[in-house]
């Protein structure tokens, strides 16, 4: 079962540095990891619609309506990192719903409940596929390489490791689930 510390140590392995036992250690690298781990994790989660970090929700309309431009507001879940574009049926093949995201709320003319899909802040590292763990570790290594080692070649090694791990994670994630057929598309059916 992977932990934050395990992923951080994978990053240190890329840079050929000694592992840490926790983010609370007195070593400067533990402090760097404590300051940067969550933001780096969230940035990597935000980049794609990772299967292990997707959620669905049906949101009720908020009681306070937008001052102008839209008729309804819906409060985003607190763990939402990125909203996936809205559609009438809530799936990627549905008809798009015009909307804006503003100050933690979805503004739209659609009525509630509003079906949404979103990338959430998944902190259950045991659910991360190995390919994503490697990508996150390599991204951490890339961020700390020059600061920690003082050597630009380690920054390049980390960058190369990140590109490969990110591509592997995307490929692995992309082949999970059913690819929609054109005949299943709501747009095609409407024509």
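Among 48, 62, 8, which is the only one that is in contact (Cβ under 8 Å) with a residue 12 or more places away in the chain, under 23 Å from residue 127 (Cα atoms) and part of a loop (DSSP other than H, G, I, E, B)? Of the residues listed, the single one that is in contact (Cβ under 8 Å) with a residue 12 or more places away in the chain, under 23 Å from residue 127 (Cα atoms) and part of a loop (DSSP other than H, G, I, E, B) is 48. Among the residues of segment 26-37, are any touching a helix residue (DSSP H, G or I) at 6+ places or on another chain (Cβ under 8 Å), part of a loop (DSSP other than H, G, I, E, B) and surrounded by fewer than 17 Cβ atoms within 10 Å (Cβ to Cβ)? No, that holds for no residue. Take residue 126 and decide whether it is more than 14 Å from the chain's Cα centre (by Cα) and either surrounded by 13 or more Cβ atoms within 10 Å (Cβ to Cβ) or in a loop (DSSP other than H, G, I, E, B) (or both). Taking the combined requirement at face value, the residue does not satisfy it. Could you list, in sequence order, the residues of segment 93-114 that are under 25 Å from residue 47 (Cβ atoms), in contact with a strand residue (DSSP E or B) (Cβ under 8 Å, 6 or more places away or on another chain) and assigned to a loop (DSSP other than H, G, I, E, B)? Matches in segment 93-114: 93, 94, 97, 98, 104. All of (1) modelled with pLDDT under 95; (2) out of contact with any strand residue (DSSP E or B) (no Cβ under 8 Å at 6 or more places or on another chain) hold for residue 89 with one exception: (2). The numbered conditions (1) within 30 Å of residue 61 (Cβ to Cβ); (2) exposed (fewer than 13 other Cβ atoms within 10 Å of the Cβ); (3) at pLDDT 95 or above are all true for residue 119 except (2). Checked against (1) within 19 Å of the chain's Cα centre (by Cα); (2) at pLDDT 90 or above, residue 159 passes all but a single condition, namely (1).
For beta carbons closer than 6 Å, sequence separation of 6+ or different chains, a first residue in segment 97-123 that is outside the structural domain of residue 39 (by TED's automatic domain parsing) and in contact (Cβ under 8 Å) with a residue 40 or more places away in the chain and a second that is buried (at least 19 other Cβ atoms within 10 Å of the Cβ) and in a loop (DSSP other than H, G, I, E, B), there are no qualifying pairs.
For residue 165, are the conditions met, namely being in the same structural domain as residue 43 (by TED's automatic domain parsing) and at pLDDT 90 or above? Criteria met by residue 165.
Residue-wise test of (1) touching a helix residue (DSSP H, G or I) at 6+ places or on another chain (Cβ under 6 Å); (2) in contact (Cβ under 8 Å) with a residue 12 or more places away in the chain; (3) buried (at least 16 other Cβ atoms within 10 Å of the Cβ); (4) more than 30 Å from residue 88 (Cα to Cα).
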site	(1), (2), (3), (4)
136	yes, yes, yes, yes
140	yes, yes, yes, yes
147	no, yes, no, yes
153	no, no, no, yes
156	no, no, no, yes
169	yes, yes, yes, no
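The values are calculated or read from the model by the stated rules, or taken from the named source; none is laboratory data. Quick caveat: nothing in here was measured; it's all calculated off a predicted structure. So basically every Cβ, Gly included, is an ideal-geometry build from the backbone, and we count neighbours across all protein chains shown.
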